Amino acid sequence: ILGFSTPPGRLSMMAFILNALTCALGLLYFIRRGKQCLDFTVTVHFFHLLGCWVYNSRFPSSLTWWLVHVVCTALMAAIGEYLCMRIELREIPLNSAPKSNV
């Protein structure tokens with residue numbers, strides 16, 4: 001069903017890309033570590049590959065399927081890592097001196 005020539009194919013590809021963007025937000029919420037984003041992204045897409053293989057009873061061989069998933073993996077990892085790194089690189093407040101109430 002994935003393909004550039006039909007409207008359902010384009011809609012499916014857009015759904016995969018939007019899913020990658022929302023999963024990048026999930027990486028920010030659940031993982032919160034920039035170093036682990038690529039690992040979790042590849043793991044999620046690997047399990048998706050296994051699920052597709054079992055569901056269809058054959059290994060995915062369509063070039064567009066592989067291209068869409070490579071792009072989605074790259075998007076999810078890059079955006080997730082960017083968001084996690086923004087959180088990790090925040091300044092640490094150093095005003096730990098006791099406050100006196102005079």
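Summary of values
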item	result
Residues (open to solvent by 90 Å² or more (accessible area, probe 1.4 Å) and not in a helix (DSSP H, G or I)) located in segment 62-94	L89, R90, E91, I92, P93, L94
Test result for E91, over 11 Å from the mean Cα position of the chain (by Cα) and of a type in the set (D, E)	yes
Extreme residue, surrounded by the most Cβ atoms within 10 Å (Cβ to Cβ), among residues of segment 25-61 that are of a type in the set (S, T, N, Q) and closer than 30 Å to L89 by Cβ	T41
Whichever residue in segment 1-55 is in a loop (DSSP other than H, G, I, E, B) and over 28 Å from C84 (Cα atoms) and, among such residues, is modelled with the highest pLDDT	T6
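The values are calculated or read from the model by the stated rules, or taken from the named source; none is laboratory data. Keep in mind that this is a model prediction, so the values were computed, not measured. Positions of Cβ are backbone-derived with ideal geometry, glycine not excepted, and every protein chain shown enters the neighbour counts. These area figures cover heavy atoms from the full protein model, side chains too; ligands, DNA and RNA do not enter into them. Shrake-Rupley method; radii C 1.70, N 1.55, O 1.52, S 1.80 Å.
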